[in-house]
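Enquirer: Here it is: the structure, laid out below.
The values are calculated or read from the model by the stated rules, or taken from the named source; none is laboratory data. None of the values given here were measured: they were computed from a predicted structure. Positions of Cβ are backbone-derived with ideal geometry, glycine not excepted, and every protein chain shown enters the neighbour counts.
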Amino acid sequence: MARYTGAVCRQCRREGIKLFLKGDRCYTGKCAIDRRGYAPGQHGQRRKKISEYGIQLREKQKARRIYGVLERQFARYYDIASRSKGVTGETLLVLLESRLDNVVYRLGFARSRAEARQLVRHGHFAVNGRKVSIPSFRLRAGDIVSVREGSRSLPLFQELAEVAAARTVPAWLEAVPAELKGTVIRLPEREEIDVPVQEHLIVELYSK
């Protein structure tokens, strides 16, 4: 399965904002944005005039990196969103939010989306009682996400249960940290998706 294996802090620096790709580290003084708040590379500190296309491209790249989605997969999400009813940009974000790895992260059962993706791939989670090891698995209203019985006794999940108990869960989800499970009450509204993305720029990019 293809995935990005480079330094994730470079991605934050390239976009110029914190994408919170490394969990707790992003809240400390070790964060790359706080230490070197300019783009990576030899010419990263030069001021550049960005074209309209460049602004749109950066917005798309930002969304891709936040959710950990590769180019071809992101294009497929956009294609689904463009053929669905409603506002294309908002539908695109809802599709990304409803991924299993993102919901695991939102429920507090992982410190970052990357960690959530890894835990799902390793088969630690079930949806409606059935093991699912596909991070992109699309959840719907009423689905129950839980840590599998054989994984609950692991020290990692005992620690994550405490992390989840202290985390604020979005209104469209319901978490039960003590039981290491959560429910998708409904799909999110745009105002409930707190990612720093201007989705209309992504739509403009793909509409060309």
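Enquirer: Sort out for me the helices (runs of 4 or more DSSP H) sitting completely within segment 54-129 that have 1 or more residues that are within 13 Å of the chain's Cα centre (by Cα), touching a residue at least 24 places away in the same chain (Cβ under 8 Å) and closer than 26 Å to SER146 by Cα. Walk me through how you get there before you give the answer.
Expert: Numbers: elements: 71-82, 88-97, 100-107, 113-121.
Counting at least 1 such residues, we get 88-97, 100-107, 113-121.
Enquirer: Considering each residue of segment 164-205, count those that are in contact with a strand residue (DSSP E or B) (Cβ under 9 Å, 6 or more places away or on another chain) and of a type in the set (Asp, Glu), and give that number.
Expert: 2
The rows are residues; the columns are (1) part of a helix (DSSP H, G or I); (2) in contact (Cβ under 8 Å) with a residue 24 or more places away in the chain; (3) surrounded by 18 or more Cβ atoms within 10 Å (Cβ to Cβ).
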residue	(1), (2), (3)
GLY150	yes, no, no
LEU160	yes, yes, yes
ALA171	no, no, no
GLU174	no, no, no
GLY182	no, yes, yes
PRO188	no, yes, yes
GLU191	yes, no, no
VAL197	no, yes, yes
LEU201	yes, yes, yes
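Enquirer: Taking ILE66 and the conditions (1) out of contact with any Leu (no Cβ under 6 Å at 6 or more places or on another chain); (2) at pLDDT below 95, which numbered condition does it fall short on, given that it satisfies the others?
Expert: (1)
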